[in-house]
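Read the structure below first, then the notes.
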Amino acid sequence: MRKIVLVLGVVVASLGLSACGSGTKATIDSSIASLGAQSDLQIHLTASVSGSGTAEAQKALDVISMDTRYATPSGGPLSQANGKANGEVILNVGAKPLLDLRSISSNLYVQIDLSAVNEIPGLPLTSQDQSELGALQLLLGDKWFEVPSTLLASELPSSAATKAKAAQDQAIERKIFDALSKLIDNGHATALSSGGYSETGTLESVVKALLPTIQSVDPSATSTSPVQGTYTLTLTNSGSSATGGSISITAPAGSGSSGDATVTLRAAVTHDSDPVVVPTNVTVITPALLQQLEGSASSV
């Protein structure tokens with residue numbers, strides 16, 4: 001969930017840094033603040049591709065989307081939740097959720113509907129794949145499972161080394177965010193007539209901005225030839241409240257295709273007073289049940 005917010009934050013916060021004029025800066029600051037000003041937040045994510053050789057991929061993306069939802073149990077603003085907000089991620093295939101994952105009071109709740117896989121166009125599934133999916137659907141489908149925080153604590157590594165690795169990963173994410181923000185700060189965001197701002201730059205400038213961070217992780221990483229292509233970041237507003245954002249990348253298609261291809265990730269933001277609650281009829285995962293499920297899945 002943190003990475004999804006990071007992506008949206010790069011779009012919104014970076015454009016706020018790069019906009020000119022005190023009035024514009026104040027408007028975008030208000031947009032950023034609006035994301036956490038209420039007790040709930042919903043983000044609907046979709047993706048698209050266009051250009052040479054992308055038709056089959058677009059057919060799949062036409063039916064795939066993701067929803068992320070956040071809500072505070074107390075009803076207070078998300079900005080004051082101090083990491084205690086409830087969260088939910090739903091991976092959709094058309095109108096059918098393939099995966100629904102909720103994090104509530106340190107417990108995880110998950111529901112999987114593998115029948116949704118059959119709704120993805122062009123997916124190369126063999127008859128054996130279909131049979132295995134059917135067997136797993138009988139085992140897991142239409143059921144809610146709770147993974148208690150106590151089980152998570154006992155099953156997941158909790159060593160000092162693991163905690164240090166998590167802190168290192170977060171530090172790298174912070175450096176990436178800062179590098180992208182500084183890059184866009186040096187650009188110029190233009191106002192959109194419909195409300196919001198947009199900025200376009202080159203992928204080569206992104207590579208140069210991120211290379212020091214990448215080399216701090218992998219000293220052997222180098223960039224020997226210019227990277228072709230451009231990016232466009234967009235923030236949409238309704239008044240001073242953020243309603244969405246997008247990241248679009250255009251580059252040579254490659255893989256024997258001529259011309260360029262464009263990949264776009266869009267985020268639509270709403271505040272629908274939609275709580276994230278514990279589902280009903282939940283099967284609690286115990287260590288014994290976990291072993292049983294693992295054994296059943298491995299035999300499929």
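Local charge for T230 was computed over the other residues whose Cβ lies under 11 Å away, with Lys and Arg +1 and Asp and Glu -1, and equals -3. Using the Cβ-Cβ distance between L192 and A171 with R0 = 35 Å, the FRET efficiency computed as 1/(1 + (r/R0)^6) comes to roughly 0.55.
Cross-link partners of K59 among aspartates and glutamates, defined as those whose alpha carbon lies under 15 angstrom from its own and excluding same-chain residues fewer than eight positions apart: E119. Between I249 and Q228, the simple label model (points 7 Å from Cα in the Cβ direction) yields a spacing of 1.6 nm.
So which aspartates and glutamates can K175 reach, going by Cα to Cα under 16 Å and dropping same-chain residues fewer than 8 places off? K175 reaches D185, D218. Aspartates and glutamates within cross-link reach of K84: Cα-Cα under 19 Å, excluding same-chain residues under 8 positions apart? Cross-link targets: D40, E146, D274.
Any read-out appearing in this document is the output of simple, stated calculations on the displayed coordinates, not a laboratory observation. Owing to the predicted nature of the structure, the values given are computational and were not obtained by experimental measurement. Ideal geometry is used to build each Cβ from the backbone, glycine not excepted, and the neighbour counts take in all protein chains shown.
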